[in-house]
Amino acid sequence: MTPAAATPSSPAVSIEALRKDYGAIRALGGATLTVRKGEVFGLVGPNGAGKTTLIKAICGILKPTAGRVTVLGFDAGRDRYRLRRRLGYMPQAPALYEDLSPYENLTFFGKGYRTEDLRGRIRLVLGFVELWDRRDDPLHTFSGGMRQRVSLACALLRDPELLILDEPTAGVDPALKQTFWRHFQELKQRGRTIFLSTNMMEEAMRCDRVAVIRAGRILITEAPEAIRSRGRTEITLELAGGGRRVEEAAAYAEELPRLLSGYGLSSEVRRIRIRRPDLEEVILSMIGQKEAGAGKVKTHTGDDPPAGGTAPSATPEDHT
Ligand SMILES: Nc1ncnc2c1ncn2[C@@H]1O[C@H](COP(=O)(O)OP(=O)(O)O)[C@@H](O)[C@H]1O
Ligand SMILES: [Mg+2]
């Protein structure tokens, strides 16, 4: 199937004021976002933020309490059967048969959806995830990463124009993660739209745009670099007498000239060091978790107050 042209006027996904309550638990509290056709879009947030709930609403397998979800021009709930032919969904926990081989899993899955040229498609997707040689081994002999690859193959089986991947690289080793990202970029180049969730910052950096979600609310949707530039940059002026001044700027490219002119660019200033926070620090300070972990957003427990943008400590990045 040829995907529709990547025009900003017709988004791949449009979510408006989406709310989902599970009894007394508000999983989504009015989330709004738009995914453009042809982009790699990342939903970034800690455990329990509402990522899976939002993804299930996009796939039409969860009924929202309120709000609207439009996917490829269809109402995600009402038109879910029509939509299912056009989107590929990789759930957070692979839904595969352990006693069956990848080939059998894909056959079973493909027949359920009446896939055209099923054998050819299976060959193609198993080749894509580099598991063609293992196609007949039962799944229970596979590692976690191999299962993830079979699960990705399932999502790709119908050559969907929109791929929805719920933490596709969770528990996957670094080498395989690179492979997955190579696949994502390749799919993007073929005009596909990719929507994925993650709690890993190095992955957020690879997305075209990122939505940060916390406690069921979208805090910001922007390109990763634009989010990063919202962090407060620390500027250290080292003076001739051995003293130093530390200044902070929200948008340092604009503020730096004014700040320096305050010093009259005197010969007294010997050295200027600029330290920009990385994306992880900025996002962590947004969601109120100031201490940076090992590249991962930490679990949060609901409505703990934000840390108020406290400058986090991290490896300095110097531009001398
Ligand atoms: N079926 C459910 N019943 C009750 N609460 C749920 C259910 N699914 C999710 N939740 C709650 O909704 C919130 C969001 O969960 P989820 O969407 O799974 O977050 P994430 O995928 O970001 O970890 C959490 O507080 C979670 O406990
Ligand atoms: Mg989840």
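What follows draws every value from the coordinates through simple rules; no lab data is involved. This is a predicted model, so every value here is computed, not measured. Glycine gets a Cβ as well: all are built from the backbone with ideal geometry, and neighbour counts include every protein chain shown.
Select, from Glu202, Glu238, Glu234, the only residue that is among the acidic types (Asp, Glu) and closer than 18 Å to Pro46 by Cα.
On the way: Glu238 fails: closer than 18 Å to Pro46 by Cα; Glu234 fails: closer than 18 Å to Pro46 by Cα.
One residue alone meets the criteria, Glu202.
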In the stretch 13-40, which residue that is within 16 Å of ligand 2 (Cβ to nearest atom) and hydrophobic (A, V, I, L, M, F, W, C) is surrounded by the fewest Cβ atoms within 10 Å (Cβ to Cβ)? Ile25
Evaluation of Asn47 against (1) within 17 Å of the chain's Cα centre (by Cα); (2) outside any loop (DSSP other than H, G, I, E, B); (3) within 16 Å of ligand 2 (Cβ to nearest atom) (one fails), failing number: (2)
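Pick out the one residue from Arg209, Arg228 that is over 19 Å from Ala95 (Cα atoms), surrounded by 16 or more Cβ atoms within 10 Å (Cβ to Cβ) and touching a Ser or Thr at 6+ places or on another chain (Cβ under 9 Å). Give the derivation first.
On the way: Arg228 fails: touching a Ser or Thr at 6+ places or on another chain (Cβ under 9 Å).
The match here is Arg209.
Is there a residue in the stretch 53-60 that is within 16 Å of ligand 1 (Cβ to nearest atom) and assigned to a strand (DSSP E or B)?
Going residue by residue through the stretch 53-60, those that are within 16 Å of ligand 1 (Cβ to nearest atom) are 53-60.
Next cut, assigned to a strand (DSSP E or B) only: none.
No: zero hits.
What is the residue count in the stretch 41-52 for residues that are away from ligand 1 (no atom under 12 Å from the Cβ) and either surrounded by fewer than 21 Cβ atoms within 10 Å (Cβ to Cβ) or of a type outside the set (Gly, Ala, Ser) (or both)?
Residues of the stretch 41-52 away from ligand 1 (no atom under 12 Å from the Cβ): 41-42.
Within this subset, residues satisfying the condition of being either surrounded by fewer than 21 Cβ atoms within 10 Å (Cβ to Cβ) or of a type outside the set (Gly, Ala, Ser) (or both) are 41.
Looking only at that region, the number is 1.
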